[in-house]
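K.L.:
My questions will all concern the structure given below.
The values are calculated or read from the model by the stated rules, or taken from the named source; none is laboratory data. Note that the coordinates shown come from a computational prediction; the quantities given were computed from them, not determined experimentally. In this analysis, Cβ positions are derived from the backbone assuming ideal geometry, glycine residues included, and neighbour counts consider all displayed protein chains.
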Amino acid sequence: MKKTFALGIDLGTSNSAIAWAELENRESPEILEIPQTLGVSSLGTREIFPSATYIPHEAEFPANLAQPEWCEGKCLALRGQFAREHGSMVPDRLITSAKSWLSNPHVDPRSSVLPWQSELPTEQKLSAFETTRGYLEHLRQSFQNSHDATDIASGEIVVTVPASFDEVARNLTADAAEAAGLENVVLLEEPLAAFYAWTAQAGSEWRNQVKQGDIVLVCDVGGGTADFSLLLISEQDGTLEIERISVGEHLLLGGDNMDLALAYTLQSKLASEGTKIDTWQMRSLVQSCGAAKVTLFSRDDLDETPISIPSRGSSLFAKTISTKLDRATLNSVVLDGFFSITNPGELPKEGKTGLHEFGLPYASDPVVSKHLARFLQRSLANVRASVALSQMVPKPPGDLLHPTAVLFNGGAFKAEAVRKRVIELLASWNHGVAPVELQGFQPDLAVARGAAVYARNRVTGRGLRIKAGTSRSYYLGLESSMPAIPGFIPPLKGVCVVPQGMEEGTEHVLEGREFGLVTGQEAEFRFFSSEVRSGDRPGTIVENAEEELEETASLKVELPPLEGFSLGDMIPVRLHAVVTALGNLELWMHHTRSEKRWQLSFNVRTE
Amino acid sequence: MKKSLPFLAIALVIAIGVMFGNLSPQPEIIVKALAAFLAVLLTIGLFMGNSDEKGQAISNVREEPRKPAHTNDTQGSAEAEVITFLARMQEKGRLIDFLMDDISTHNDSAIGAAARVVHQGCSAVVKEHLSISPVDGGTEGAKISVPPGYNASLYRLTGNLSGKAPFNGTLVHKGWKVTSSKLPKVVSPESGELPPLAPAQVEV
């Protein structure tokens, strides 16, 4: 179908947004208003759609609860602002961070386990997949609500995902979009979307802000997650080209942690003065700390901001508690707590994962600086692993790659003091040489806009395209053939089937390696990935997959009974890896002597 | 339907006062005055009748086929709209608690603390639903000239008024106007009764 418009969907961990653009209009894309329940009897629209799902009790709300029109009063779950606000007081029925559950390696995203550890009966719970589908459906309906004459299928739709998402999480996102009525969506990494938004906003000016050889750090710290990527700027025949050379790990650490930390600090100060606050007041304190943080960071003339904490009862004058957030506390908690000037060798403390309950793998070390150091260390390892990348990036002294420019994204960087601190930190790691802060930072909604810009560029074929490809390399696990020795389990080898940077619309055949598949039987392979092995080509063997790679999923394929073969016959096949035009990874087993082929399906590893 | 405007106007006056009242220097006095003023306004407003076209624009959101039971109940739903807006101010900024509490028995620091709650919450609600800007961009206290053909609803001339425009005078109050609004749609209660300003809360 001919594409007539571009739609960008920022499917965020805490907040989502949509932007749309006409193809011939080079303006910055327009953010759409999203209808959502604001209160029991009021329905409004907002540009920001909180990614929160509330599963109400049957008797909880009146029958004519305000819901978006398309619900026709039948939506079982509430989504958006009211869901989050009300749900924070009824946590057993609230689902948040569904996106992080999509990439959780320990819990099957298609099993109905959310809200996590809730006492709701299983049939009322939702899976991470279904929750995500619900958000995407809500966003699709919102678009159609304001463009009811437009066929959604004539839109080029880009959905953003964290750069840290592996193929399993990406495929789940694409499947959820399809189940929500959004077909053939293209996935885009969030930091890249932020960069597209920046280029669109800066116009042709952006080319003056970067130069050949620059390494741009896209530093995105949102409400609940942090995401880093590195882009390399090169020049080809006089035009600047951009390549994404490294992505970070999924990090559950963001601005919400900072508000919480401030609130706990004030809470203990109040407690030491003999004032106790309850959980409801604590929620209000967290919100007020967030607001006070913004005020203090944006107003140099203030030394402190008073904070009032009301009680839950109706008596406002008698029971409101007064406290204040002062600049010293703010700086010590936020700047020195989360963005302290650490040594380049200080890396995050690993949590004791063995003792942790399964749940979301929240970062156990809150210091963003240490996570950034770890990312830059891994980035350097990744660059050194490939000859081509090593030639383009000069070897720095020390263990870290040093970005020469930084593009900030996310609410945590609204405060200039925080941006300054990150620049200062990077300079301290590079003998005082500070990277340039790219100008034109848009803290909110950049990702949705950038997604729409990318969608528009894809259709028109004009404008910037960042060379990205797969962010990781992927491996099949192979049992080593060794003589059996008692008490010794031979290491599992990994054979590279998809190299890092494999671009959309390309495919590889794994040459020189045939597999035998038995008809009528399910074959299963272990599947691994790595973010730091840019040099591996298809066929490269990694001697100890379990140690050097991350296990991502299992791959399954079942051959139906085949004409000309009897059941149980072994069929020789070769592995083809395909990155589709939409950027999805598909793995196929091709019969070596015919055109027949079977697709391998990703299954989430659950322990 | 046409009853909705005065209610809304009151809600706005309250909102604007709350939003732009400068609480930094001497919160207590300002807040006390503000509270009393608001209470009076609310009372007057409740007994005011008015007719205005704008009420229609605000309430036509109920002309939805999916809620046929409520489409004819225009009077009830116009009131429901205002009450819902006040309910948002209560939910976010405890406005009704503020007005209903006995202000005479509390000292200024307690009232000042409460006023911050109202200011933070209500200004958020107002900013979410309305874009507000001054009518006149001049500085209060400065001389201005009101040109011929000025919009009489946006400028109120007082003092010694004679002759023809332009009128030269001092800008006493810069005025406020709504440049765009994005008010929530309201679902009327099924029984025709008005929605609550705040439901009773029970922790189970």
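K.L.:
Tell me which residues, restricted to region A:288-320, are more than 20 Å from residue A:88 (Cα to Cα), within 12 Å of another protein chain (Cβ to nearest Cβ) and part of a helix (DSSP H, G or I).
P.N.:
A:292, A:294, A:295, A:316, A:317, A:318, A:319
K.L.:
Oh, and also: I'd like the full set of residues that are touching an Asp or Glu at 6+ places or on another chain (Cβ under 6 Å) and either closer than 19 Å to residue A:545 by Cβ or surrounded by 19 or more Cβ atoms within 10 Å (Cβ to Cβ) (or both), limited to region A:511-535.
P.N.:
A:528, A:529
K.L.:
How many residues does region A:22-48 hold that are away from every other protein chain (no Cβ under 14 Å) and surrounded by 24 or more Cβ atoms within 10 Å (Cβ to Cβ)?
P.N.:
Counting residues in region A:22-48 that are away from every other protein chain (no Cβ under 14 Å) and surrounded by 24 or more Cβ atoms within 10 Å (Cβ to Cβ) gives 1.
K.L.:
Please go through (1) surrounded by fewer than 24 Cβ atoms within 10 Å (Cβ to Cβ); (2) away from chain B (no Cβ under 14 Å); (3) modelled with pLDDT of 90 or more for residue A:11 and return the number of the only condition it doesn't satisfy.
P.N.:
For residue A:11, the exception is condition (1).
K.L.:
Please state which of the following conditions residue A:224 fails to meet, knowing it meets all the rest: (1) crowded, with 16+ Cβ neighbours inside 10 Å; (2) modelled with pLDDT of 90 or more; (3) closer than 30 Å to residue A:320 by Cβ.
P.N.:
(2)
K.L.:
Further, regarding this structure: Being within 24 Å of residue A:230 (Cα to Cα), surrounded by fewer than 22 Cβ atoms within 10 Å (Cβ to Cβ) and not hydrophobic (A, V, I, L, M, F, W, C): is that true of residue A:203 here?
P.N.:
yes
K.L.:
Let me ask another. Would you point out the residue of region A:114-145, among those that are under 19 Å from residue A:56 (Cβ atoms) and aliphatic (A, V, I, L, M), that is surrounded by the fewest Cβ atoms within 10 Å (Cβ to Cβ)?
P.N.:
Across region A:114-145, the extreme among qualifying residues is A:120.
K.L.:
Also: Among the candidates A:330, A:325, which residue alone is within 30 Å of residue B:201 (Cβ to Cβ), in contact (Cβ under 8 Å) with a residue 40 or more places away in the chain and away from every other protein chain (no Cβ under 11 Å)? Can you show your working first?
P.N.:
Values: A:330 fails: within 30 Å of residue B:201 (Cβ to Cβ).
Just one listed residue meets the conditions, A:325.
K.L.:
Oh, and also: Quick one: residue A:148 ticks every box in (1) touching a residue at least 12 places away in the same chain (Cβ under 8 Å); (2) part of a loop (DSSP other than H, G, I, E, B) except a single one, so which number is it?
P.N.:
Going through (1) touching a residue at least 12 places away in the same chain (Cβ under 8 Å); (2) part of a loop (DSSP other than H, G, I, E, B) one by one, residue A:148 breaks only (1).
K.L.:
So, one more: Take residue B:106 and tell me if it is without any contact (Cβ under 8 Å) to a residue 40 or more places away in the chain, more than 29 Å from residue A:39 (Cα to Cα), within 8 Å of another protein chain (Cβ to nearest Cβ) and not hydroxyl-bearing (Ser, Thr, Tyr).
P.N.:
Criteria met by residue B:106.
K.L.:
Collect the residues in region A:269-300 that are within 16 Å of residue A:329 (Cα to Cα) and among the hydroxyl-bearing types (Ser, Thr, Tyr), keeping them in residue-number order.
P.N.:
The answer is A:272, A:288, A:295, A:298.
K.L.:
For region A:93-113, state whether one or more residues are more than 10 Å from chain B (Cβ to nearest Cβ), under 27 Å from residue B:81 (Cα atoms) and part of a loop (DSSP other than H, G, I, E, B). Step through it out loud before you land on a result.
P.N.:
Taking region A:93-113 and keeping what is more than 10 Å from chain B (Cβ to nearest Cβ), we get A:93-113.
Next, from what is left, pick out any that are under 27 Å from residue B:81 (Cα atoms): none.
No: region A:93-113 contains no residue that is more than 10 Å from chain B (Cβ to nearest Cβ), under 27 Å from residue B:81 (Cα atoms) and part of a loop (DSSP other than H, G, I, E, B).
K.L.:
Going through region A:116-139 one residue at a time, which ones are in a loop (DSSP other than H, G, I, E, B) and in contact with a Gly (Cβ under 9 Å, 6 or more places away or on another chain)?
P.N.:
Going through region A:116-139, the residues in a loop (DSSP other than H, G, I, E, B) turn out to be A:116-121, A:125, A:127.
A:116, A:117 - these are the residues of region A:116-139 that are in a loop (DSSP other than H, G, I, E, B) and in contact with a Gly (Cβ under 9 Å, 6 or more places away or on another chain).
K.L.:
If you don't mind, there's one more thing I want to ask. Filter region A:49-73 for residues that are away from chain B (no Cβ under 14 Å) and of a type in the set (S, T, N, Q); which is farthest from the chain's Cα centre (by Cα)?
P.N.:
Among those that are away from chain B (no Cβ under 14 Å) and of a type in the set (S, T, N, Q), it is A:53.
K.L.:
Identify all residues within region A:154-173 that are in contact with a Gly (Cβ under 9 Å, 6 or more places away or on another chain) and assigned to a helix (DSSP H, G or I); write none if there are none.
P.N.:
Of everything in region A:154-173, just one residue is in contact with a Gly (Cβ under 9 Å, 6 or more places away or on another chain) and assigned to a helix (DSSP H, G or I), namely A:170.
K.L.:
From the set of residues in region A:180-212 that are among the acidic types (Asp, Glu) and in contact with a strand residue (DSSP E or B) (Cβ under 7 Å, 6 or more places away or on another chain), which is farthest from residue A:438 (Cα to Cα)?
P.N.:
Once the filter is applied, the top-ranked residue is A:189.
K.L.:
Separate question: Can you confirm whether residue A:87 is small (Gly, Ala, Ser) and either surrounded by 24 or more Cβ atoms within 10 Å (Cβ to Cβ) or within 27 Å of the chain's Cα centre (by Cα) (or both)?
P.N.:
Working: small (Gly, Ala, Ser): yes; either surrounded by 24 or more Cβ atoms within 10 Å (Cβ to Cβ) or within 27 Å of the chain's Cα centre (by Cα) (or both): yes.
Yes, satisfied.
K.L.:
In contact (Cβ under 8 Å) with a residue 40 or more places away in the chain, surrounded by 17 or more Cβ atoms within 10 Å (Cβ to Cβ) and more than 14 Å from every other protein chain (Cβ to nearest Cβ), is that true of residue B:96?
P.N.:
No: the conditions fail for residue B:96.
K.L.:
For residue A:73, are the conditions met, namely being surrounded by fewer than 24 Cβ atoms within 10 Å (Cβ to Cβ), of a type outside the set (A, V, I, L, M) and assigned to a strand (DSSP E or B)?
P.N.:
Details: surrounded by fewer than 24 Cβ atoms within 10 Å (Cβ to Cβ): yes; of a type outside the set (A, V, I, L, M): yes; assigned to a strand (DSSP E or B): no.
Considered against the rule, which asks whether it is surrounded by fewer than 24 Cβ atoms within 10 Å (Cβ to Cβ), of a type outside the set (A, V, I, L, M) and assigned to a strand (DSSP E or B), residue A:73 comes out as no.
K.L.:
Could you grab me the full set of residues in region A:375-392 that are buried (at least 19 other Cβ atoms within 10 Å of the Cβ) and either of a type in the set (Lys, Arg) or touching a residue at least 24 places away in the same chain (Cβ under 8 Å) (or both)?
P.N.:
The answer is A:375, A:376, A:378, A:379, A:382, A:383, A:386, A:389.
K.L.:
Let me ask something additional. Looking at region A:427-454 only, could you name the residues that are farther than 18 Å from residue A:10 by Cβ and touching a Pro at 6+ places or on another chain (Cβ under 6 Å)?
P.N.:
Within region A:427-454, A:429, A:435 meet the criteria.
K.L.:
Condition (residue is over 15 Å from residue A:326 (Cβ atoms), out of contact with any strand residue (DSSP E or B) (no Cβ under 9 Å at 6 or more places or on another chain) and within 14 Å of another protein chain (Cβ to nearest Cβ)) applied to region A:265-278: is it met by at least one residue?
P.N.:
yes
K.L.:
Further question: For region A:74-92, give me the residue count where each residue is within 14 Å of chain B (Cβ to nearest Cβ) and closer than 30 Å to residue A:29 by Cβ.
P.N.:
Matching residues across region A:74-92 total 7.
K.L.:
Taking the conditions exactly as written (in contact (Cβ under 8 Å) with a residue 24 or more places away in the chain, under 19 Å from residue A:382 (Cβ atoms) and surrounded by 14 or more Cβ atoms within 10 Å (Cβ to Cβ)), does residue A:538 satisfy them or not?
P.N.:
Judged against the criteria, residue A:538 is a match.
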